[in-house]
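Enquirer: My structure is below; once you've seen it, I'll send some questions.
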Amino acid sequence: MKKIGLIVPCYNEEACLTEFDKEMNRVIKSMPEYSFEVLFVDDGSSDRTLEIVKELSQKRDYVRFLSFSRNFGKEAAMYAGFCNVDGDYVAIMDADLQDPPSLLPEMVKILESGEYDSVATRRVSREGEPKIRSFFARQFYKIINRISDADVVDGARDYRLMKREMVEAIVKMGESNRFSKGIFGWIGYRTFWYPYENVERTAGETKWNFFSLFKYSIEGIISFSHAPLSIASWMGVICTGISFLAILFIIIRRLAFGDPVQGWASMICIIIFLGGIQLFAIGIMGQYLARIFSETKHRPHYIISEASDEVEKVR
Ligand code: UDP
Ligand code: MG
C-alpha cells in the first residue's frame, strides 16, 4: 500500500484546525487504498494550536506533530516537514483550508498516471485580493521569470503533491534564505499545473501584509538571480556614455559661444543623481552580502522543542 505524507505548517491556527481535521478525515476515509500521515508543524504559535494538535495526535493514529521553540516562519516549517515526513507521495498544505484537501484524490490520480512527478496547484483568479497587491504580484512573477533560472508560475501556491525523489532534492537544498516557490521550480521534474478557484480562509487571519510580501519577493529575486548585481555595471556604462556627450556639448558651446562659467544648479543635480545611483548600487551589493553573511553562519533552520516521536531536534 502506498503512503501519502501531508505537511501542514500552522502558526496561530486554533480557529481553523478542528475544521481542517474534519475535512482531512473525510478525504482520508474516501481513499482507503492509501495509508496516510499528517504531519503538523507548529511554528511557535502563541495560541492553543499546539494543544489542539496534540489532541488530534491522540485521537487520530495518522497524525504526527513537531513544535518549534519559537516562530521561524513558514519556510522553516515547510523545510522541517520535508526533513521529517514519511511517504511515497508528499504534499504540503495550509491549515486554513485555502488548499482544499478535497483536490487530493484528483492530484494523486494524476501522479499515478506516471506522466508527472509532481502536481502543483495554481489559482486562476485573484478575486478578493486588493487590486494593488495583484498588480505588484503580477509584476513580481514577470520580473523573476525573466531574470532567474527558477521557473515560477504566476498564481502558484505552495500546495503541491510530489514523489519521494523530489522531497529528497528539496531537503538537499539546505540554504537558509529559503524561497520555496523558486526551489520547487529550480529542481525541475515534470510538473502538472492544476488550476482552481481561489478559496477564502476558513477562519482567522492571513499572516501576510503588503510589506512582508514585498520583502518575500525581494528574497525570491535575490535567492535566484544575479541580475540586480549587473544593474550597477549597466548604470555605470550608461552614466559614462552620458558624461561623454555632456563633455562634447560643453566643448562645442565653449568654441562657438565663448561660454562664461555658469550652471551651479545643474551641477548640484548631477552630483545628487550620481550619489543616488552609487548608493543604490551599493545597497544592492549589501543585500547579497547580507545573504552571504547569514549563509556562512550556518545557523540551524529551526529548533524543535517538542514532537510526537523521535526526530532530529536541531537542523
Ligand atoms: N504559517 C506558518 N508560519 C508563519 C506564517 C504562516 O507556519 O510564520 C502557516 C499558516 O499557519 C498557514 C500557512 O502558513 O497554514 C499559510 O499562511 P497564511 O494563510 O497566513 O498565508 P496566505 O494563505 O494568506 O498566503
Ligand atoms: Mg491562507
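Bear in mind these aren't lab numbers, they're just calculated from the coordinates by the rules spelled out. Note that the structure is predicted; figures quoted are calculated from it, not measured. Heads up, the Cβs are rebuilt from the backbone with ideal geometry, glycines too, and the neighbour counts pull from every protein chain shown.
Enquirer: Calculate the tail of P(r) for segment 102-163: the fraction of all Cα-Cα distances greater than 19 Å, expressed in %.
Expert: Every Cα pair in segment 102-163 considered, those over 19 Å come to 45 percent.
Enquirer: Nearest 10 degrees is fine. How inclined is helix 74-84 to the longest principal axis of the chain, computing both from alpha carbons?
Expert: 50 degrees
Enquirer: So what's the angle, to the nearest 10 degrees on a 0 to 90 scale, between helix 210-224 and the longest Cα principal axis of the chain?
Expert: Once rounded, the angle reads 80 degrees.
Enquirer: Where nothing but the Cβ of Lys and Arg (+1) and of Asp and Glu (-1) is charged, how large is the charge dipole of segment 141-275 around its Cα centre, in debye to the nearest 20?
Expert: On the way: 15 positive and 12 negative charges, 19 e Å.
The calculation lands at about 80 debye.
Enquirer: Can you list, largest first and rounded to whole Å, the semi-axes you get for segment 60-122 by taking the square root of 5 times each eigenvalue of its Cα gyration tensor?
Expert: Rounded to whole Å, the semi-axes are 24, 13, 13.
Enquirer: To continue, here is another question. Fewest to most neighbouring Cβ within 10 Å: what's the order for PHE210, PHE82, PHE40?
Expert: PHE210, PHE82, PHE40
Enquirer: Would you give the gap between the C-alpha center of segment 27-86 and the C-alpha center of segment 146-172, rounded to a whole Å?
Expert: A separation of 21 Å, based on Cα centres.
Enquirer: If eta is 0.890 mPa s and T is 25 °C, what Stokes-Einstein diffusion coefficient results for segment 163-205, Kirkwood Rh from Cα pairs, in µm²/s?
Expert: For these conditions, the coefficient is 190 µm²/s.
Enquirer: Expected output is a single nm value to one decimal: the length gained when fully extending between ILE218 and PHE273, i.e. 0.36 nm times separation in residues minus the C-alpha distance. What is it?
Expert: 17.4 nm
Enquirer: In nm, give the distance between the simple-model label positions of GLU168 and ASP309, each being 7 Å from the Cα along the Cα-to-Cβ direction.
Expert: Calculated label separation equals 2.0 nm.
Enquirer: Fully extended, how many nm does the chain gain between SER69 and LYS131 (0.36 nm per residue separation, minus their Cα-Cα distance)?
Expert: Difference between extended and current length: 18.6 nm.
Enquirer: Still on this structure, please answer the following. I want the antiparallel fraction of DSSP beta bridges within the chain, as a percent rounded to 5.
Expert: The antiparallel fraction comes to roughly 35 percent.
Enquirer: In a Gaussian network model over the chain where Cα atoms closer than 10 Å are linked, find which of TYR159, TYR189, TYR89 has the largest mean-square fluctuation.
Expert: Residue with maximal mean-square fluctuation among TYR159, TYR189, TYR89: TYR189.
Enquirer: What list do you get for ILE110, ILE222 if you sort them by fewest beta carbons within 10 Å?
Expert: Values: ILE110 15, ILE222 20.
Taking fewest neighbouring Cβ atoms as first place, the list is ILE110, ILE222.
Enquirer: Quote the charge dipole size of the chain about the Cα centre in Debye, to the nearest 20; the model charges only the Cβ of Lys and Arg (+1) and of Asp and Glu (-1). Don't jump to the answer; show the numbers that get you there.
Expert: Numbers: 39 positive and 42 negative charges, 247 e Å.
I would put it at about 1180 debye.
Enquirer: For helix 264-296, what angle does its Cα long axis make with the longest principal axis of the chain, in degrees from 0 to 90 and rounded to 10?
Expert: That helix lies at roughly 30 degrees to the long axis.
Enquirer: Give, to the nearest whole percent, the P(r) tail of the chain beyond 28 angstrom, counting all Cα pairs.
Expert: 49 percent
Enquirer: Percentage of Cα-Cα pair distances in segment 2-129 greater than 24 Å, rounded to whole percent? It would help to have the intermediate numbers written out before the result.
Expert: Numbers: 2101 of 8128 pairs.
Looking at segment 2-129, the distances longer than 24 Å represent 26 percent of pairs.
Enquirer: Nearest 0.05, what FRET efficiency do PHE280 and GLU19 give at R0 = 45 Å with Cβ-Cβ as r?
Expert: Computed FRET efficiency for PHE280 and GLU19 comes out at 0.45.
Enquirer: For ARG60 and ASP149, what is the calculated FRET efficiency with R₀ set at 35 Å and r taken between the beta-carbons, to the nearest 0.05?
Expert: On the way: r = 41 Å, r/R0 = 1.18.
It comes to 0.25.
Enquirer: A follow-up question, please. With a point put 7 Å past each Cα toward its Cβ, work out how far ARG48 is from ILE242 in nm, to one decimal.
Expert: 6.1 nm
Enquirer: When 1/r is averaged over all different Cα pairs and the result inverted, which Kirkwood radius in Å belongs to segment 91-199?
Expert: 14.9 Å
Enquirer: Just subtract the alpha-carbon distance of TRP264 and SER30 from 0.36 nm times their residue separation and send over the number in nm, one decimal.
Expert: Extra length from TRP264 to SER30 when fully extended: 76.4 nm.
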